[in-house]
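Shown next, in structure tokens, is the structure this report addresses.
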Amino acid sequence: MAKNTGQGHRNGAVKGRSEFKSGKTWFKRDTSNGQIMNGSANQHKGVRNEK
């Protein structure tokens, strides 16, 4: 389980999530059902990237 440290980083990986970039926006996806969760201008911490 990923734990927030309060120091701008996360210990461990976020399981069940991936992210991809479309244009200038990073979108987070739930890997169990493929649903897009949210978008952000910056990458999400501890989330693996899709190829």
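Annotations for the structure displayed:
- Among the strands (runs of 3 or more DSSP E) confined to the chain, the ones with at least 1 residues that are among the charged types (D, E, K, R) and out of contact with any Ser or Thr (no Cβ under 6 Å at 6 or more places or on another chain) are located at 17-22, 25-30.
- Among the numbered conditions (1) surrounded by 11 or more Cβ atoms within 10 Å (Cβ to Cβ); (2) touching a strand residue (DSSP E or B) at 6+ places or on another chain (Cβ under 6 Å), the only one that LYS21 does not meet is (2).
Bear in mind that the values in this text are calculations on the coordinates, not laboratory data. These numbers come from a predicted model, not from an experiment. Ideal geometry is used to build each Cβ from the backbone, glycine not excepted, and the neighbour counts take in all protein chains shown.
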